Structures are given as C-alpha cells and as structure tokens.
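Notes for the one structure printed next.
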Number of protein chains: 2
Amino acid sequence: MELVTISDIEAAAQRVRGVAVRTPLLLQTWDPRGTLWLKPESLQPVGAFKVRGAFNAIATLDDESRARGVIAYSSGNHAQAVAYAAQRYGVPAVIVVPDIAPRIKVEATRSYGAEVIEVPIGEHEAKAHELAAERRLTLVAPFDDAAVIAGQGTTGLEITEDLPDVEVVLVPVSGGGLAAGVGAAIKARAPHAKVIGVEPALAGDTAEGLRLGHRVDWPQADRARTIADGLRAQPSELTFAHLRKFVDAMVTVTEDEIRAAMRTLASKARLVAEPSGAVTTAAYLSHTAELPPGRTVAIVSGGNPDPAMFAEILAG
Amino acid sequence: MELVTISDIEAAAQRVRGVAVRTPLLLQTWDPRGTLWLKPESLQPVGAFKVRGAFNAIATLDDESRARGVIAYSSGNHAQAVAYAAQRYGVPAVIVVPDIAPRIKVEATRSYGAEVIEVPIGEHEAKAHELAAERRLTLVAPFDDAAVIAGQGTTGLEITEDLPDVEVVLVPVSGGGLAAGVGAAIKARAPHAKVIGVEPALAGDTAEGLRLGHRVDWPQADRARTIADGLRAQPSELTFAHLRKFVDAMVTVTEDEIRAAMRTLASKARLVAEPSGAVTTAAYLSHTAELPPGRTVAIVSGGNPDPAMFAEILAG
C-alpha cells in the first residue's frame, strides 16, 4: 500500500498556507517538568485541524471537478471544515449529516454556504456515496484519503519547524488521518522523536489493533460511550497502514482524565478544548510513566465542546 | 515629553523574539461581517501581553542592574510577567502584592522563583519604591516606563506584519501601556488605520480624559466596580501623552457586554479571556455604529479570569 510521503505533506503545506492558521507552539510555563508544548489546532477556522485536510483535498481537484462540487458526510468537525474550505475556494458543497447532529453545528455548516442534507443516523455515509454518483460530486472522505492525510500532516511539519529537537509527539487517534499524516511528517523530519497515539480507553480499538497487528472492529455502541465524540471512528486500511509504520506506542485515557485535562487546558493554557482535543494533555498529565521523557508536543486537535457540557465540566 | 518611537518598538521586537509567543491573527469565520481578527495575547506565557513589556524592560538592563535584581508591584498579570521574565533571564525578582490578591496568583508568581512580599492593600506601590531604594533593585513599572511601552508595542508591530491593510485596531485601555505602544506601532506602520481604545464604562476615565484633553482622576472605589479587574488603573502623564497622539477614539462597554463577549470568545473563538481581555470583542459586537467599518483587529489582552466566575459566566 502506498503511504503518504514527506513530499506530499510539503506540497500540502504550500496549499494550506494563508488559509489554515499557522498555529504557534505554546510552551506551558505552569508545568513543573517544563517539557510541554501545546499545538492549538482548536484555533483553526471551524475550530479543528480538519480544515488542513479539507483545504488540501479541494485544492488538488481539477477545474472540472471543482465546478461540479464536493460532498462530505460527517456529524462533526469534518462537515464544517469541508463546507468552509469549499466556500473559500468557491466550490459548491453538499454535506450529509445525521438528523441527530446538534442544531448549532448544522447551522454553522449552512452558514458557510453548503447544502446540508439531513438523513437518519447510520445512513449518512451511504447517502453521501449515492449522491456523489448521482450528481458527479467528489467525495471528500474524513480520513481515508491520501490528500486529506497529507493535509493533516502539515501539523507535524510545523511542529518540526518550530521545535526541531522535539522528542515526543502526542496525537489523538480516531479514523487515524491526523496521526497518519503527523507520523509521516515527524518520522521524516525529526526521526529521533517518538510518535504516541492517544485514545479514550472506551474507544481503544487502535491500541488493541496495533498490539495485534491488524485492524479490529469495536461495536459502535461501545465506542459511543466516550465523551470524546470526535474519537469514535476507526482507522481504514490506509490510515492503519500509516499508524503501523509511524506510531511508536498508544496510550489510552479515562473519561475522568479527559475532563480534568479540559479543566487544566482552560485554566492554565487558556484554551477551550473539546474532549477529543484534550486526550493528549490527559496522557501527558496522567500517564507520565508510560511516556518517554523529554520535550513533548501535545496536539489539541479541536475546540468545539458542547457548551452546556463545557460549563458543567469547568464548574467541576 | 519624549514618546516611544517605531525604532524603540522594532528593537523591542528583536529582544522579545523567542521568549514571547508570536501570536497569530485569528480570522473569525462565524462573524457575518467577516471583518474580525483576534490577536490572542491570552496565549502568552502567564496568559497576558504583559510579558512583552517585562521582557523588554529586563533585557535592556545593564549587567550590574541585572545582578542586583528587579522589583515590581501588582495585584494582577504584571506580577507574574515580571517574575517569569526575570526567571528566563536569570535575574532575581521581588514582587510586592496586596494581601488580598488571589492565592492562586500569588502561588503562580512564587512558582517562577520570585520573592513575594504581601502587604496591606493600598501600600504595595509605596512598599515597592521603599524596597527598590533599600536594596538597589530596578523597579519595573506596570506601564509608566518607555521600555515597557515599547515592549507592549510589539503587539501592534505584529498586527501590521500579518495584516498590512488593517483598518481598525481595538485595544483595551487601563494604565495605557498597551494602547500607547500599539498606537505608536500602528500609526508608524499602518497610518491609515484607526486606533480605538476600549474601557469598561464603569472605569471610563480615559474616555473622559481624552474628551477633556487632560488626565482625570476617578475615585478608586468607582473604578473597582467593573469586573474587568485588569482595567481599573489610570494612565500616567507618559502614557496619556501617547494616547492623545495615537488613539483616534474611545468606546466604553457595559458589564453585560463584557460577559457576553467572554461567552462568544469561548464558544466561537475557543479562547478563555478574562473580562479585561474581552472588552475589545464586546466593542466590536455591541458598538458597531461607533466604530469605523473595515478589517478590524481586537486584541484579547489576557486569559486569567477567576475560574469560578468564568464557569458561572459560561453557564449563563
């Protein structure tokens, strides 16, 4: 299987420049170890790293495909990212969302000019494929796509530019697009650094899969137990192949550790993180013994918690 | 009176590079007008722009003064900024704080290796001057100091680098160090842009003073009414002279507008802002008719709200 290369990621970096935010690395001065930097992808447009992959996928389309438009399915940040990226490039976009998606996210997606189609939960992926064929739209997959992986990988490239002697990179794993791209970038540009994937224990399919050497399927109902709603997906064959090659170890975190990390990120790092964005900080704070020591970057992948849940977690 | 020049600010930019964060400008895609960029100084070490001035003031000391050490008085972010900057430069620091300062801030200041001296409220400024003379320490003033103003001005320089065609810059005004430095930078590098100072209406001494053409004193008890605890100070003659020259207009915001802006910053911009850091966003959202139209940068000056108050404001 052909994996994404550092050249693919460098080309993606040229394309996302000026549209994605060049997020800074934030040294955390409250940390007694003094070895934690955060990469706040929560500050991207739409509040997640997802815009990087969406921009790269849309930027690489030919003119004819751009004119016809793109389609995506998602209940989360990918929907808004594709809608936003399509708008920036003047490309029509259709987004298929499950009808249980929060109103606020549906409205945000619509505000970027996308046509939003709501279908019963469980049918949105199939509906997107159907519409893509019918209307000859290009499907922008959430992670199972080389251009998307290369786009997410620009996060890793920036880490090595800003902290060339980074020793540990903590990256959340769900479908694996971010971890695949970041792993490819880190292993090419800072090969001495360890890439550690982080999952909620309640959706720890990748930790188990990498231990066994092959993808495993966890029932959706099991994965749905975690509050980290952005980490309930599972890798595809393509992303899993990247993870096997580029990820040195996995750490799983508990729901309480995620909540505590969200509080710490708000009070100490002044960042609003969603549960999925807080798992890497949770690993750094609560699983020290499982991690290699040294200069560590934790990727804060997204900043869209449910507002009521966020207020409740902060209160305590 | 000699004002800070663009050369002073450019020299300061060289000094703070690598120690202060080069904060990005964040275009806010949820804003229907599409003209709002945030400058998140809340992401600096210690959570406020104050490190810029502290770094510049300490970096410009001669070796003998560095060896003797620095002293600062503050109940807020300036205390931590001086402690942190001194630690980074290996300079001893004494910080005088009022004994009513929140425990969490006193501990944070101490964690940066500073000697913290607590004195009754109202006596901390005098005590700092007394100790400075006694121990031959250099006083790093919170705003009434050209090196501090030049350091804060690097915020403005970065704005013009990242958005050369900026049209409006919204900056909070308290002692006026940030607005003085930012104003000097903007008027030199983007002279077409308007610099608008923002205050809580409950501490609107500068709006009144600029209207009258001279500094005015508001009773401390009046200024203490605002929740924006970082905006209760008043300009010195030095900062006021800068404000007269560089600030085009003042806007005052209500306490409810500040709270609403804090909620918007958390939910839409994914930033934890303290009340003082939210006043510029409050002006943009709630005082549109008083502002010139066009590409606007709102400086989010700090991110250290009282945690309980923050949770309460988010809950709504």
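The values are calculated or read from the model by the stated rules, or taken from the named source; none is laboratory data. Because the structure is predicted, anything quoted here is derived from the model rather than measured. Don't worry about glycine lacking a Cβ; one is built from the backbone with ideal geometry, like all the others, and counts go over all protein chains shown. The accessibility values were calculated without ligands, DNA or RNA, using every heavy atom of the protein model including side chains. Shrake-Rupley method; radii C 1.70, N 1.55, O 1.52, S 1.80 Å.
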Meets criteria (β-branched (V, I, T) and either under 20 Å from the mean Cα position of the chain (by Cα) or within 14 Å of chain A (Cβ to nearest Cβ) (or both)) for B:V94
no
So, in the stretch A:269-290, of the ones that are buried (at least 19 other Cβ atoms within 10 Å of the Cβ) and not hydrophobic (A, V, I, L, M, F, W, C), which residue ends up nearest to B:A273 (Cα to Cα)?
A:R270
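Each row is one residue, and each column tells you yes or no for (1) open to solvent by 10 Å² or more (accessible area, probe 1.4 Å); (2) out of contact with any Leu (no Cβ under 8 Å at 6 or more places or on another chain); (3) within 16 Å of A:E255 (Cβ to Cβ); (4) assigned by TED's automatic domain parsing to the domain that holds A:G76.
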position	(1), (2), (3), (4)
A:G177	no, yes, no, no
A:A190	no, yes, no, no
A:A193	no, yes, no, no
A:E199	no, no, yes, no
A:D217	yes, yes, no, no
Can you name the condition, by its number, that B:L291 falls short on among (1) out of contact with any Pro (no Cβ under 8 Å at 6 or more places or on another chain); (2) over 27 Å from B:A207 (Cα atoms)?
(2)
Can you tell me which of A:A260, A:A249, A:A315 is aliphatic (A, V, I, L, M), open to solvent by 10 Å² or more (accessible area, probe 1.4 Å) and at pLDDT below 95?
A:A315
Flag for B:E208 being in a helix (DSSP H, G or I), among the acidic types (D, E) and closer than 18 Å to B:A179 by Cβ:
yes
Looking at the stretch B:139-151, is at least one residue among the charged types (D, E, K, R), under 18 Å from the mean Cα position of the chain (by Cα) and either crowded, with 20+ Cβ neighbours inside 10 Å or under 26 Å from B:I6 (Cβ atoms) (or both)?
yes
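Each row is one residue, and each column tells you yes or no for (1) closer than 22 Å to B:G113 by Cα; (2) in a helix (DSSP H, G or I).
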| site | (1), (2) |
| --- | --- |
| B:L3 | no, no |
| B:A12 | no, yes |
| B:T29 | no, no |
| B:V51 | yes, yes |
In this structure, does B:Y84 turn out to be at the interface with chain A (Cβ under 10 Å from one of its Cβ atoms) and buried (at least 22 other Cβ atoms within 10 Å of the Cβ)?
yes
Quickly run through the stretch A:14-27 and pick out the residues that are assigned to a strand (DSSP E or B) and open to solvent by 70 Å² or more (accessible area, probe 1.4 Å).
A:R17
Pairs where the first residue, in the stretch B:73-86, is closer than 11 Å to B:P45 by Cα and the second is among the aromatic types (F, W, Y) and in a helix (DSSP H, G or I), C-beta under 6 Å, 6+ apart:
B:A85/B:F55
Of the residues in the stretch B:14-40, those that are within 13 Å of chain A (Cβ to nearest Cβ) and in contact with a strand residue (DSSP E or B) (Cβ under 6 Å, 6 or more places away or on another chain) come to B:T23, B:L25, B:L26, B:L27, B:Q28, B:L36, B:W37, B:L38, B:K39, B:P40
